[in-house]
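Participant: Let me begin by handing over the structure; questions about it come next.
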Amino acid sequence: MCCFFQVFSQSRAVISGNVSDQFGNLPGAKVAIEGTDKITTTDVNGNYSFDVDEGEYVLTSGFVMYTSISKTANVKVGDTVQIDFILETGFSMDQPVSLGSRAKPKSLLKNTAAVDIISPQQLTGSSQIELSHILHYLTPSFHSTHQTIADGTDHIDPATLRGLGPDQVLVLVNGKRRHSSSLLNVNGTVGRGSVGTDFNAIPIAAIDRIEVLRDGATSQYGSDAIAGVINIILKKQIEIIQVDNRVGINTEGDGLTVYSSANFGLKIGKTGYVNVTAEYREREAVNRAGDYTGTVYTNDATEDQRLIEQNNFFNQTGYSDKQVMEIGSAETQNLALSFNGEVPMSNSSTFYMHGGRNYREGKSKGFYRFPKDEDRVVLDLFPNGFSPEILTDIQDDAITGGVKGVKNGWDVDFSHSIGINTLDYTVNNSNNASLGIASPRTFYAGGFAYKQNTTNLDISRTFDWLQGVNIAFGAELRVENYQIIAGEEASYIDGGSTFINNLGEELPRIVGAQVFPGFRPENELNRFRTNSSGYVDIEANVSEKLLVRGAARYEAYNDFGGQAIWKLSGRYILKDGISVRAGFSTGFRAPSLHQVFFQNISTQFVNGESVQVGTFNNESAIVTQAFQIGKLKPELSSHLSAGFSGKINDNVTFSFDYYLIDIEDRIVLSGRFSEGYETILEPFNAGAAQFFTNAIDSRTSGADAALFFKKNLGGGEFNASLGANLTSTTVKGPIKVSPALVGQEELLFNREEIARVEYSQPNYKINSLLSYDFNKYRFQVVNTVFGRVKYIHPNDGNPDNWVLNNFTGSVETRDQTFSPKLVTDMAVSYQINDYVRCTLGGNNVFNVYPDKHKHSANTEEGNFIYSRRVQQFGVNGANYYFRLLLKL
């Protein structure tokens, strides 16, 4: 036995070495032996090792945003050969991307569509701790900010691409469809009436890199990819333990953030791995409310002031000075666990799996309920009124498993994904006024659940026809489930309590928990939908310079039928380093289950007045009979794109792309209908009704540009990038109404809602990043210019509706354009040793805020200094942080 082990050990050889760049070791760099399945990543010291048989091998080492290097090694039995690599930084344009093609990944210079890469270095160097904000400050065409006074939307940030809606961008994780949130945005924010993906449920410590396809791609990836596709690629490294700790606070003294994460990988067998991430993130609330100028106890100003002083009102509200609200960003706490792994099953097949769980608790505030409003305040419980709280419990689960391999020369990938998102509401520090003194102060108000099961089969092969032809085809089966869960009885019941007003009249109190009435049992539902689709994708290298691609897809839904879509695109290399590309595609987006079935009664403030608004779905008799709104249809689109990209020597790359996107029958949430509908709304205790309908067509046009520069300078490396997006969306033609609503087009979709589509996102955004690495130091400056946004008041189209502006003393419109702003982030890092790096940095170091409201009426009695309807980058102000990054 001893001799056997002796002979066995002598029949092997070892290839080992180190991977570094000009500043030192590169942990996590990949090293592969070409023509074999042997691949590894370097450890924390940049070292790697392979056990091999005698022979000649070609080793390739690479890292994202570095230029790969290949070297040859000849080994004999018992040899230990040292092969070291010194990598030089490269450009994103040189990196292979998986999006936009079913063939072997190719660089942007060789692709037919524009793709941005967010590299590991950019992710690690970002000063943000939420994925949506990382993309917001690194990708010009991406937009996502914290919302305020918007119920659940305060805790799940809407995210958009190219100025379209949150539900018009498809999100993938490792190339597999990510499920959407269970939350439907029904308040006055970006993406009103839409459902998006919760980016912040994905821990940033688990992400290796991100690809952003800026092109219509529904024919390739399915419904929702009208604006583009974002593919989040998870880490595979196994040799490093990375621990990241950060703490930051606003200069205003609020918004304390705490972040802590750990990521590590374990090797399974010879080439398998599992990478695991744990992440904790806490964010305290930010409050930028103004001083309240309205009345509290009575509408008699003199008497009210006496009572305010007598009861010491402002000292018991829990806010500073004369604030009565929390306006800025909500308090949240996140805990996430995720994993990503692969295990070889044979020489030609691999089992893979990834997934995780994110749990989030959120707390936000609503409008203050004043004691003068006895219809909604039980004075025996709250003699000075109350500031109601919305508490959310959000759980996001995802798991994907699959097998990929080669069969008879064809690449085969079979997978199944399960995604579940649940959101539960608890209302605290409130009352159900209709219950009178018997009302609880805390209520479980119900919630939502969304589940998605997706099964995929993808088959592809490259043939040696022409200069290479790739044929891909496949199928997808998706089953969706949407649920509304009722709240406890006290959150929605009519207790019959009344009050006596100033005229001596006995009136009923408002029914339901204030700020968020619970879902009623009749609102509960559990709906399913199935979708099946098939696609074919052909990519032909007609010559060394010309690439042509065509794709077609057919999707069939059990609720609204089928739809065929297609795409044609091409790329031509003018000369080495410069190429042009163009494409045209059709697309569609099916109505989400949320849009089809959501129904609820909610409290909304309209011009400072509280209104119980019922959102009724398309199964409701109110919608089908009173408003004659038919079944929702899918949104159909066409997408034209054209651009070019190039590389000048080894220092500069550039790209430019133009796009034109037409969308028909966009699904929107209507305005609030009240006058003339009182009788049919009375049984629902609602004062107004709203619903979903295919009301508008839109055209979005714009351009994306990017410029990258790098150069060795003064013993260090200087990198600069400049990216820009210019976009414009227009609502085309008349508003589409049913026969019952002819003449009410402006009520169905008023000028404010049109402006939300056209002007609520910056009309342009410019991102620049400058970094200089010298010795053990890294200096970084990020500048972001946010273009203008507009708020258009629903009633101010006619000057007769303009009101007095107390700021100027004249009658003026409440419409306002918010000017462009420049936000600057800075950071300096120091590499203490191979294992420890510390960073001191600041976000928005010049303490820039959006324009303040110019019309006093828009402040809603002084509460809102800044707009809650349109936001460019939030209202945190300057924030400073310290970070300690460990690699072990």
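The values are calculated or read from the model by the stated rules, or taken from the named source; none is laboratory data. A quick note: this is a predicted structure, and the numbers were derived from the prediction, not measured. Don't worry about glycine lacking a Cβ; one is built from the backbone with ideal geometry, like all the others, and counts go over all protein chains shown.
Residue-by-condition table, conditions (1) outside the structural domain of Ile484 (by TED's automatic domain parsing); (2) basic (Lys, Arg); (3) on the phi > 0 side of the Ramachandran plot; (4) in a strand (DSSP E or B):
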position: Trp566; (1), (2), (3), (4): no, no, no, yes
position: Ile573; (1), (2), (3), (4): no, no, no, yes
position: Gly587; (1), (2), (3), (4): no, no, no, yes
position: Ser602; (1), (2), (3), (4): no, no, no, yes
position: Gln612; (1), (2), (3), (4): no, no, no, yes
position: Ile622; (1), (2), (3), (4): no, no, no, no
position: Asp662; (1), (2), (3), (4): no, no, no, yes
position: Arg666; (1), (2), (3), (4): no, yes, no, yes
position: Gly676; (1), (2), (3), (4): no, no, yes, no
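Participant: A follow-up question, please. Would you point out the residue of region 143-173, among those that are among the acidic types (Asp, Glu) and assigned to a helix (DSSP H, G or I), that is surrounded by the most Cβ atoms within 10 Å (Cβ to Cβ)?
Facilitator: Initial filter on region 143-173 (among the acidic types (Asp, Glu)): 151, 154, 157, 167.
Checking which are assigned to a helix (DSSP H, G or I) leaves us with 151, 154, 167.
Values: Asp151: 22, Asp154: 27, Asp167: 29.
Only one residue tops the list, namely Asp167.
Participant: Just name the residue that is farthest from Gln483 (Cα to Cα) out of those in region 589-599 that are outside any loop (DSSP other than H, G, I, E, B) and touching a Leu at 6+ places or on another chain (Cβ under 9 Å).
Facilitator: Taking the candidates together, the pick is Arg589.
Participant: Hand me the list of strands (runs of 3 or more DSSP E) wholly inside region 466-535 holding 1 or more residues that are modelled with pLDDT of 95 or more and out of contact with any Leu (no Cβ under 7 Å at 6 or more places or on another chain).
Facilitator: Because the criterion is at least 1 residues that are modelled with pLDDT of 95 or more and out of contact with any Leu (no Cβ under 7 Å at 6 or more places or on another chain), the strands (runs of 3 or more DSSP E) in region 466-535 that meet it are 469-485.
Participant: Got a number for residues in region 232-260 being under 14 Å from Leu123 (Cβ atoms) and among the polar types (S, T, N, Q)?
Facilitator: Total satisfying the criteria: 2.
Participant: Would you please list the contacts, defined by Cβ atoms under 6 Å and residues six or more apart or on different chains, that run from a residue in region 236-258 that is at negative phi to a residue that is among the acidic types (Asp, Glu)?
Facilitator: Taking only residues 6 or more apart or on different chains, the pairs are Glu239/Asp43; Leu256/Glu284; Val258/Glu282.
Participant: With region 216-302 as the region, which strands (runs of 3 or more DSSP E) entirely inside it contain at least 1 residues that are farther than 30 Å from Thr455 by Cα and not basic (Lys, Arg)?
Facilitator: On the way: elements: 228-234, 241-250, 257-268, 272-283.
Those strands (runs of 3 or more DSSP E) span 241-250, 257-268, 272-283.
Each row is one residue, and each column tells you yes or no for (1) polar (S, T, N, Q); (2) without any contact (Cβ under 8 Å) to a residue 24 or more places away in the chain; (3) buried (at least 19 other Cβ atoms within 10 Å of the Cβ); (4) touching a strand residue (DSSP E or B) at 6+ places or on another chain (Cβ under 9 Å).
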{"site": "Phe807", "(1), (2), (3), (4)": "no, no, no, no"}
{"site": "Ala827", "(1), (2), (3), (4)": "no, no, yes, yes"}
{"site": "Phe846", "(1), (2), (3), (4)": "no, no, no, yes"}
{"site": "His855", "(1), (2), (3), (4)": "no, no, yes, yes"}
{"site": "Ser867", "(1), (2), (3), (4)": "yes, no, yes, yes"}
{"site": "Gln872", "(1), (2), (3), (4)": "yes, no, yes, yes"}
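Participant: In addition: Might you let me know whether region 382-394 holds any residue that is assigned by TED's automatic domain parsing to the domain that holds Asn431 and under 21 Å from Thr277 (Cβ atoms)?
Facilitator: So far as region 382-394 goes, yes, one or more of its residues are assigned by TED's automatic domain parsing to the domain that holds Asn431 and under 21 Å from Thr277 (Cβ atoms).
Participant: Still on this structure: Quick one: is Asp537 under 14 Å from Val469 (Cβ atoms) and of a type in the set (Asp, Glu)? Outline the logic, then answer.
Facilitator: On the way: under 14 Å from Val469 (Cβ atoms): yes; of a type in the set (Asp, Glu): yes.
Considered against the rule, which asks whether it is under 14 Å from Val469 (Cβ atoms) and of a type in the set (Asp, Glu), Asp537 comes out as yes.
Participant: Still on this structure, please answer the following. Condition first: more than 21 Å from Asp697 (Cα to Cα) and β-branched (Val, Ile, Thr). Can you find one or more residues in region 592-600 that meet it?
Facilitator: The answer is no; no qualifying residue exists.
Participant: What residue, among those in region 624-640 that are of a type outside the set (Val, Ile, Thr), surrounded by 19 or more Cβ atoms within 10 Å (Cβ to Cβ) and part of a loop (DSSP other than H, G, I, E, B), is farthest from the chain's Cα centre (by Cα)?
Facilitator: Once the filter is applied, the top-ranked residue is Phe627.
Participant: To continue, here is another question. Do we have Asp198 as buried (at least 24 other Cβ atoms within 10 Å of the Cβ) and of a type in the set (Asp, Glu) here? Please lay out each step first, then the result.
Facilitator: Working: buried (at least 24 other Cβ atoms within 10 Å of the Cβ): yes; of a type in the set (Asp, Glu): yes.
Answer is yes for this residue.
Participant: Looking at region 121-137, which of its residues are under 9 Å from Ile210 (Cβ atoms), at pLDDT 95 or above and more than 9 Å from the chain's Cα centre (by Cα)?
Facilitator: If the condition is that a residue be under 9 Å from Ile210 (Cβ atoms), at pLDDT 95 or above and more than 9 Å from the chain's Cα centre (by Cα), then Ile134 is the only one that fits.
Participant: Looking for something more than 28 Å from the chain's Cα centre (by Cα) and of a type in the set (Gly, Ala, Ser) - is there at least one such residue anywhere in region 835-853?
Facilitator: Of all residues in region 835-853, those more than 28 Å from the chain's Cα centre (by Cα) come to 835-838.
When the remaining residues are screened for being of a type in the set (Gly, Ala, Ser), the result is none.
Scanning region 835-853, I find no residue that is more than 28 Å from the chain's Cα centre (by Cα) and of a type in the set (Gly, Ala, Ser), so the answer is no.
Results for (1) out of contact with any Gly (no Cβ under 9 Å at 6 or more places or on another chain); (2) exposed (fewer than 15 other Cβ atoms within 10 Å of the Cβ), shown as yes or no for each residue.
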position: Ala32; (1), (2): no, no
position: Thr42; (1), (2): no, no
position: Asn74; (1), (2): no, yes
position: Asp79; (1), (2): yes, yes
position: Ile86; (1), (2): yes, yes
position: Pro96; (1), (2): yes, no
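Participant: Oh, and also: Given the options Phe774, Phe779, name the one that is of a type in the set (A, V, I, L, M, F, W, C), at pLDDT below 95, in the same structural domain as Met826 (by TED's automatic domain parsing) and touching a strand residue (DSSP E or B) at 6+ places or on another chain (Cβ under 9 Å).
Facilitator: Result of the check over Phe774, Phe779: Phe774.
Participant: Inspect region 205-215 for any residue being small (Gly, Ala, Ser), closer than 30 Å to Asn617 by Cα and crowded, with 24+ Cβ neighbours inside 10 Å and give the result as yes or no.
Facilitator: no
Participant: Suppose we filter Thr293, Thr302 for residues that are among the polar types (S, T, N, Q), more than 28 Å from Ile204 (Cα to Cα) and out of contact with any Gly (no Cβ under 8 Å at 6 or more places or on another chain); which single one remains?
Facilitator: Thr302
Participant: Follow-up. Against the definition (at pLDDT below 95 and either of a type in the set (Lys, Arg) or under 25 Å from the mean Cα position of the chain (by Cα) (or both)), how does Lys765 come out, yes or no? I'd like the intermediate steps shown before the answer.
Facilitator: Numbers: at pLDDT below 95: no; either of a type in the set (Lys, Arg) or under 25 Å from the mean Cα position of the chain (by Cα) (or both): yes.
Considered against the rule, which asks whether it is at pLDDT below 95 and either of a type in the set (Lys, Arg) or under 25 Å from the mean Cα position of the chain (by Cα) (or both), Lys765 comes out as no.
Participant: Could I ask something else about it? Would you confirm whether or not region 371-379 contains a residue that is buried (at least 20 other Cβ atoms within 10 Å of the Cβ) and under 27 Å from Thr197 (Cβ atoms)?
Facilitator: no
Participant: Please tell me if Ala449 is touching a residue at least 60 places away in the same chain (Cβ under 8 Å) and on the phi < 0 side of the Ramachandran plot. Reasoning before the result, please.
Facilitator: Details: touching a residue at least 60 places away in the same chain (Cβ under 8 Å): yes; on the phi < 0 side of the Ramachandran plot: yes.
It is true that Ala449 is touching a residue at least 60 places away in the same chain (Cβ under 8 Å) and on the phi < 0 side of the Ramachandran plot.
Participant: When the residues of region 794-828 are narrowed to those that are in a strand (DSSP E or B) and of a type in the set (Ser, Thr, Tyr), which ends up farthest from Asn847 (Cα to Cα)?
Facilitator: Ser810
Participant: Another question, then. May I ask you to verify whether Ile399 is surrounded by fewer than 21 Cβ atoms within 10 Å (Cβ to Cβ) and farther than 30 Å from Val611 by Cβ?
Facilitator: Yes: the conditions hold for Ile399.
Participant: Within the group Thr160, Thr139, Thr124, Thr153, which residue is of a type in the set (S, T, N, Q) and in contact with a helix residue (DSSP H, G or I) (Cβ under 9 Å, 6 or more places away or on another chain)?
Facilitator: None of the other options fit; the residue is Thr160.
Participant: Still on this structure: Can you find even one residue in region 569-587 that is modelled with pLDDT of 95 or more, closer than 11 Å to Thr218 by Cβ and aliphatic (A, V, I, L, M)?
Facilitator: no
Participant: Going through Glu539, Glu555 one at a time, which residue ends up being among the charged types (D, E, K, R) and either more than 30 Å from the chain's Cα centre (by Cα) or exposed (fewer than 15 other Cβ atoms within 10 Å of the Cβ) (or both)?
Facilitator: On the way: Glu555 fails: either more than 30 Å from the chain's Cα centre (by Cα) or exposed (fewer than 15 other Cβ atoms within 10 Å of the Cβ) (or both).
Among Glu539, Glu555, only Glu539 is among the charged types (D, E, K, R) and either more than 30 Å from the chain's Cα centre (by Cα) or exposed (fewer than 15 other Cβ atoms within 10 Å of the Cβ) (or both).
Participant: Can you find a residue that is buried (at least 21 other Cβ atoms within 10 Å of the Cβ), in the same structural domain as Gln467 (by TED's automatic domain parsing), at pLDDT 90 or above and of a type outside the set (S, T, N, Q) anywhere in region 101-109?
Facilitator: For region 101-109, residues buried (at least 21 other Cβ atoms within 10 Å of the Cβ), in the same structural domain as Gln467 (by TED's automatic domain parsing), at pLDDT 90 or above and of a type outside the set (S, T, N, Q): absent.
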